[in-house]
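Please treat every number below as a calculation from the coordinates, not as lab data. These numbers come from a predicted model, not from an experiment. Here the Cβ positions follow ideal geometry from the backbone for every residue, glycine too, while neighbour counts run over all protein chains shown.
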Amino acid sequence: MTLVAVDIGGTNVRFAIVQDDGALTAHRSMLCDDFPSFEAAIQSYAALQEIAITAASVAVAGPVQGDLVEVTNNHWSFSKTGLVTALGLDRLQIINDFTAQALAQADPSAHGNMLLIDGTSATHAPLLVIGPGTGLGVSALVPAGCDYLPLEGEGGHVCLSLQSDAEMALFDDLRREVPHVSAEHFISGSGLETIYRLQNNGAAMPAPDIGTAAIAHPGVERDAANMMLGLLGSAVADSVLMMGCWRGVVIAGGIVAQLQPLLPDSLFQARFRHNGLMAPLLNKVPVWLSFDPHAGLRGAAAGFTNPHMASRIIQRD
C-alpha cells in the first residue's frame, strides 16, 4: 500500500508519503491556485514522486460531513466517492484540517512546541487546538480508551467576544459589509488585513507584510496585530470553557508563530486569563505554540490508523 497524507488549506496543499512506521517522507507543498482541482494536484504529486497512490488520508479546511467537499477559502470542491474512482484508490479518508492538527498534538510538549503560558495540565481532560491561518480553525482532542477522539467542528464561524470600544467600532463597520460577522472575520490572515483596513481608512496591506512591520516597529501595523491577538485570547478562553479543555491549549497556524515576538506585550494573555468568574480555572491552563509546518500531515497520517476514525475511511467497491 502506498499511503499519502495530504493537508489542504485555503492557500497551499501539502503532501507526504507515509511509511510503514508512520514516518513522513517526500514532503512537497504546492499552491492551490496552480491547479484547477484537488484531483489534478494529487495526480501531479504522484507523477513527481513516480508512485501509484493506493490510499490517501486528506485533511481539508472546511466541513467534510457529506460526500461533496467544498474547501473553505479555496476554489476546489470534490466528491469523496468520485475521487476514489478517479484516482483508483483502495481507501480514502477525509477529515477536517483542524481535526488533523488536533491529532498531531497528542503530546503538546513535543515537536518543538513552545510553552507560552505555564499551567497545570489535567492529563485526562480535552486539549484545545486552535489557530488562525487562512481561516480560524478549532478542534479538541479528547482522551478515549487507548487513543484520542478528535472533535470536528467549525468554531471559527461562531460570534466574536468583543471587550473594547475599539473592537465594537470595527465590528459595526464590518457588519455593514457582511451579514454575519464571525470570529474568523477578525482572527485569521484575512482578518488581520480587515482590522488593518478598517483602522486605516480602507488602506490595504497583505497579512505577512502587516506581521513583518508589526514586529519591526510600533505603528498602525502593530496596532492591528495586537487587536487580533487580544481577540484570539478571548476566543481561546471561550473555547476552553465551552469544552472543558483543562489539559491545555495548542495554538497552531503560521500567523501566531510569525507574531510570537509580540505575544508577551500583547493583550493575548490578559484576555485569556481574566474571564470573570472563570478566571481561577483559566489561570491553571497551559498554552503552547506550534511552529510545525507538517503538523497537518502528521495528523492526517495519525487519523488513518486511529480506531475512532475508522468509520471515516471509504473503501473502493
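Working ranking of peptides 97-105, 150-158, 164-172 by packing, defined as the average number of other Cβ atoms within 10 Å per residue, highest first, is 97-105, 150-158, 164-172. Normalising the Debye intensity of the stretch 105-289 to I(0), with uniform scatterers on Cα atoms only, and taking log10 at q = 0.17 Å⁻¹ returns -1.06.
What does the charge add up to near E152, with Lys and Arg as +1, Asp and Glu as -1, over the other residues with Cβ less than 11 Å from its Cβ? It works out to a net charge of -1. For the chain, modelled as a GNM whose springs connect Cα atoms under 10 angstrom apart, the maximal fluctuation among N113, N12, N201 occurs at N201.
Sorting the segments 308-316, 61-69 by their residues' average number of neighbouring beta-carbon atoms within 10 angstrom, most packed first, yields 61-69, 308-316. Per residue, the convex hull around the alpha carbon atoms of the stretch 214-259 comes to 69 Å³.
I'd like the per residue volume of the convex hull spanned by the Cα atoms of the chain, given in cubic angstrom.
On the way: hull volume 42.4 nm³, N = 317.
Roughly 134 Å³ of hull volume per residue.
For D20 and C159, the difference between the fully extended length at 0.36 nm per residue and the C-alpha to C-alpha distance is 45.8 nm.
When every Cα-Cα distance of the stretch 106-158 is counted in 5 angstrom steps from zero, the calculated P(r) takes the values 4, 16, 23, 25, 20, 11, 1 percent. The charge dipole of the chain, taken about its Cα centre with unit charges on the Cβ of Lys, Arg, Asp and Glu (plus for the first two, minus for the last two), comes to roughly 480 debye. Computed from the Cα positions only, the extents of the stretch 240-301 along the three principal axes stand at 39, 27, 14 Å, in decreasing order. Counting Lys and Arg as +1 and Asp and Glu as -1 over every other residue whose Cβ lies under 12 Å from the Cβ of A252, the net charge comes to -2. How many angstrom lie between the Cα centre of the stretch 1-53 and the Cα centre of the stretch 169-240? The distance from the Cα centre of the stretch 1-53 to that of the stretch 169-240 comes to 32 Å.
Multiplying each eigenvalue of the alpha-carbon gyration tensor of the stretch 1-70 by 5 and taking the square root yields semi-axes of 19, 15, 11 Å, largest first, rounded to whole angstroms. Less than 17 Å from a label point 7 Å out along the Cα-to-Cβ axis of M114: which backbone N atoms in the stretch 263-278 qualify, by residue? Flagged as within label range: 263-270. The dipole here belongs to the stretch 189-317: it is taken about the Cα centre, uses +1 on the Cβ of Lys and Arg and -1 on the Cβ of Asp and Glu, and is about 440 debye. Highest mean first, the peptides 289-295, 90-96 sorted by other C-beta atoms within 10 Å per residue fall in the order 90-96, 289-295. Put simply, the stretch 54-161 fits an ellipsoid with semi-axes of 28, 18, 12 Å; these come from the alpha carbon gyration tensor as the roots of five times its eigenvalues, largest first. By the compact-protein rule of thumb, 2.2 N^0.38 Å, the alpha-carbon radius of gyration of the stretch 70-127 corresponds to a ratio of 1.69.
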